[in-house]
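Worksheet for the structure shown next.
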Amino acid sequence: MNDLRIERARSEAQLADWRAVHNTIIPTAVLSLEEVRERAGRNRLDVAYLGEVAIGCSTVRPPDEETAAATVIARTLPGFRGRGFGTALYERGLAHARTLSDDGVETVVLASNEEGLRFALARGFEEVERYVLPGDTVPFVALRLA
C-alpha cells in the first residue's frame, strides 16, 4: 500500500478516472463526464491511485432533503480488492462525512456487488431498504452505520 495515494478529483483527468472506476463498478448507472462534473460540485469525489493507475474512487454526499445523514460510498476495482485499498478510501470518506452530519452515516451498494455488500456489513452497516432506479433491473441497497 506504500504506492497508494488518494486525491480529491478536481482536474479533468481525475474526474475521468473517477468516472471510469464508477462506471466499471456500477454498469447499471453509467455516468457521463458532465454528470460527474455536476456531482463534483455538490459532493466530495476522491480517486485512489496505485502508482499512476486509478484503482478506486469514493463519493461523500452531504445531508440533503431526503436524509440528515451523510453518505459514504467507496468503490475498488475487482482486481484490487482485499488489499486494504477500499478500507483506506472508506476511512478517508468516513472522516469527512463525520464533519458534515451528526445524524449518522449511510452508504449505497449495487445489490449485485456481493463483495461491496460484505464490505459494508463488516464495517457495521445495516440494510435499511432496496430500491430500483427507473429503467434499471438491479436494485441498490441502502445501508446505515449502526
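Here are some notes:
- When the test is whether a residue is open to solvent by less than 40 Å² (accessible area, probe 1.4 Å) and in contact with a strand residue (DSSP E or B) (Cβ under 6 Å, 6 or more places away or on another chain), residue 80 does not pass it.
- Meets criteria (closer than 22 Å to residue 28 by Cα and touching a residue at least 24 places away in the same chain (Cβ under 8 Å)) for residue 100: no
- Of all residues in region 9-55 being open to solvent by less than 80 Å² (accessible area, probe 1.4 Å) and among the basic types (Lys, Arg), the one that is farthest from residue 94 (Cα to Cα): 39
- Looking only at region 62-75, and only at residues there that are buried (at least 21 other Cβ atoms within 10 Å of the Cβ) and not hydroxyl-bearing (Ser, Thr, Tyr), the one that is farthest from residue 116 (Cα to Cα): 69
- Identity of the residue in region 111-138, touching a Leu at 6+ places or on another chain (Cβ under 9 Å) and closer than 18 Å to residue 22 by Cβ, that ends up surrounded by the most Cβ atoms within 10 Å (Cβ to Cβ): 120
- Residue match in region 24-31 (condition: touching a Ser or Thr at 6+ places or on another chain (Cβ under 6 Å) and among the β-branched types (Val, Ile, Thr)): no
- The requirement of being under 19 Å from residue 131 (Cα atoms), touching a helix residue (DSSP H, G or I) at 6+ places or on another chain (Cβ under 7 Å) and open to solvent by 70 Å² or more (accessible area, probe 1.4 Å) is not satisfied by residue 105.
- Close pairs from region 106-123: first among the hydroxyl-bearing types (Ser, Thr, Tyr), partner open to solvent by less than 30 Å² (accessible area, probe 1.4 Å) and part of a strand (DSSP E or B), Cβ under 7 Å, at least 6 apart: 107/71; 107/72; 107/73; 107/125; 107/143
- Looking only at region 21-35, residues that are more than 13 Å from the chain's Cα centre (by Cα) and either assigned to a strand (DSSP E or B) or at pLDDT 95 or above (or both) come to 5 in all.
- Boolean, residue 5 is among the basic types (Lys, Arg) and free of Cβ contacts under 8 Å to residues at least 40 places away in the same chain: no
The values are calculated or read from the model by the stated rules, or taken from the named source; none is laboratory data. Since we're looking at a predicted model, the values are computed, not measured. Neighbour counts run over all protein chains shown; Cβ positions are idealised from the backbone, glycine included. Only protein heavy atoms, including side chains, enter the accessible area calculation; ligands, DNA and RNA are left aside. Shrake-Rupley method; radii C 1.70, N 1.55, O 1.52, S 1.80 Å.
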